[in-house]
1. Those residues that are hydroxyl-bearing (Ser, Thr, Tyr) and crowded, with 24+ Cβ neighbours inside 10 Å, I need them from segment 146-161; list them, please.
2. Could you run through segment 291-325 and say how many residues are of a type in the set (Gly, Ala, Ser) and crowded, with 17+ Cβ neighbours inside 10 Å?
3. Scan segment 207-228 residue by residue and report those that are crowded, with 19+ Cβ neighbours inside 10 Å and either more than 26 Å from Trp243 (Cβ to Cβ) or in contact with a Gly (Cβ under 6 Å, 6 or more places away or on another chain) (or both).
4. With the requirement that a residue be over 20 Å from Val181 (Cβ atoms), crowded, with 18+ Cβ neighbours inside 10 Å and among the hydrophobic types (A, V, I, L, M, F, W, C), what does segment 62-102 give you?
5. Out of Thr465, Thr447, Thr478, which single residue is surrounded by fewer than 15 Cβ atoms within 10 Å (Cβ to Cβ) and in contact (Cβ under 8 Å) with a residue 60 or more places away in the chain?
6. State all residues of segment 288-304 that are within 22 Å of Val234 (Cβ to Cβ) and either in a loop (DSSP other than H, G, I, E, B) or of a type in the set (A, V, I, L, M, F, W, C) (or both); if no residue qualifies, say none.
7. If a residue must be touching a residue at least 40 places away in the same chain (Cβ under 8 Å) and either among the hydrophobic types (A, V, I, L, M, F, W, C) or in contact with a helix residue (DSSP H, G or I) (Cβ under 7 Å, 6 or more places away or on another chain) (or both), how many such residues does segment 212-228 contain?
8. Within segment 243-279, which residues are of a type in the set (S, T, N, Q), within 13 Å of the chain's Cα centre (by Cα) and either at pLDDT below 95 or over 12 Å from Ser316 (Cβ atoms) (or both)?
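The values are calculated or read from the model by the stated rules, or taken from the named source; none is laboratory data. Source: prediction; values computed, not measured. Every residue, glycine among them, receives a Cβ derived from its backbone with ideal geometry; neighbour counts consider all protein chains shown.
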Amino acid sequence: MQHSQLQRAFILALMLIPSLNGCEKAAISPPADEDAGEDSSSTPPIRSLQYTPNGCAYEVATPEVRRTGMGQDVFGTDRAIPEHVHVSFAGDATTTLAVNWFTDNETLATQILYGTSREAVTAASDATDNVRGQSGHYMFIANGPGTNVDETLVHEVHICGLNEDTTYYYKVGGPDHWSEVFDVATSPPLGTADAWTLAVSGDSRNNQENAWALINQQLASAGVDLHVFSGDAVFLGLLQTNWTDFFEARAGDFKVQDLMARVPFMSANGNHEGLAVNYVAQFAFPQEVSPDELAQGEEWYSFDYGNAHFVVLNDSVADSSVIAGSQATWLRADLAAVDRSVTPWIIVSHHRSFYTCRSTHSPATNLRTAWQPIFDEFAVDFVVNGHNHVYERSLPIRGLLEGEGQLAAAGPNGIPTHEAGRPSGTIYLVSGGAGAPLYDVSDECPTTFVANAVHHYLLFEFEGTTVNFRALNPLTETVLDSFTYTKE
């Protein structure tokens, strides 16, 4: 879909107005039934749903949507078999999983069957001694401008009480309308010294040169355990057809779902998502609401996986005062609670970059002023951003100067040195190359170690206090950048 520069600016402005993106704070209504959204008027009332999934220690709240309810044994005839299946974490990554998917608008069944035996799950039509079942909720979300069908139906199920470091097999849907069987693993024990692999990407919108599909295919081949995304999955978060393109991208016989249904996907909100209800409804992330936080608590969040602590921030906010205000307060409290003996690695992801060299978007100095002192105080290891459609790696940085960051001591290949056991600085990575149109970039800034305008993705292979890092080009399957870094 093409837009003039004026149209694009207008659309992006709309995306940042909370009254239009469906994520403003509102009273949460009790669980609704399948008729909860029906109304005699032409425009159904906006509703939300809040409940505690069976066996879980956390509540789930939907965004405000036209209709929502708990799953019913009702099936359509068009696309009743689930599509766009993808997994994430909304609770403890060692014991919980969340699954979202899409069906036709008549299919209200929202069920999952799961267990540790592929054969048992494949054969099951209902819960058995070896196969557990769980139900969830459905949501009707508006498709946005220029679409023939008014609404899309999405589903969400949360399962808890799982075992750490365990592969589960599951299928979603309902009797006679099950998806294929997928496998997904919970996090290894927190503090593990065993090897595991993190993938990072961002800015997939447009899927130029089929980069987004190829990245997912190569991540599946690499056997990654977790995928963190720095935002801007689509061009327009309010346009459901863009999300359809995102979920249905293919590389030959490989479908994006082949990875996303098997590897947990955790995302930051980008300026192109704009906290649109289509984004918030189709992904399940932790929902501990803090002051001034929108999107029912999914605007910013943190979680632990393996021996790493992850922080996901929102820098595309409706109220700019939140950045240095309540979000910074939450960030400081979150990092202060991290036990570095258990999770020695801290990785922060948000969309707009602090440090970027002569590319389309200038460095976000307001974010740098608000958040970098906190990153410095708690010795954050890596900050991963997108927004600029390039690859960049900074030298280690600690401290602030008006124009550029203060360079810290760097070892071979630009990695941090250590001063009394403390890393000399944080490495800032720009990873906006998952399919969006590429920008120009320079490596001539004093903070920049590597810069390359190319489609790419990142792999972090953690093993204890050592990480092996690579940035790869999915089109040529070549390594753009690499280093090995061991923390003291």
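1. Scanning segment 146-161 gives a single hit, Thr152.
2. 7
3. Asn207, Ala211, Trp212
4. Of everything in segment 62-102, those that are over 20 Å from Val181 (Cβ atoms), crowded, with 18+ Cβ neighbours inside 10 Å and among the hydrophobic types (A, V, I, L, M, F, W, C) turn out to be Val65, Phe89, Ala90, Ala93.
5. Thr465
6. If the condition is that a residue be within 22 Å of Val234 (Cβ to Cβ) and either in a loop (DSSP other than H, G, I, E, B) or of a type in the set (A, V, I, L, M, F, W, C) (or both), then Leu294, Ala295, Glu298, Glu299, Trp300 are the ones that fit.
7. So the count comes out to 11.
8. If the condition is that a residue be of a type in the set (S, T, N, Q), within 13 Å of the chain's Cα centre (by Cα) and either at pLDDT below 95 or over 12 Å from Ser316 (Cβ atoms) (or both), then Ser267 is the only one that fits.
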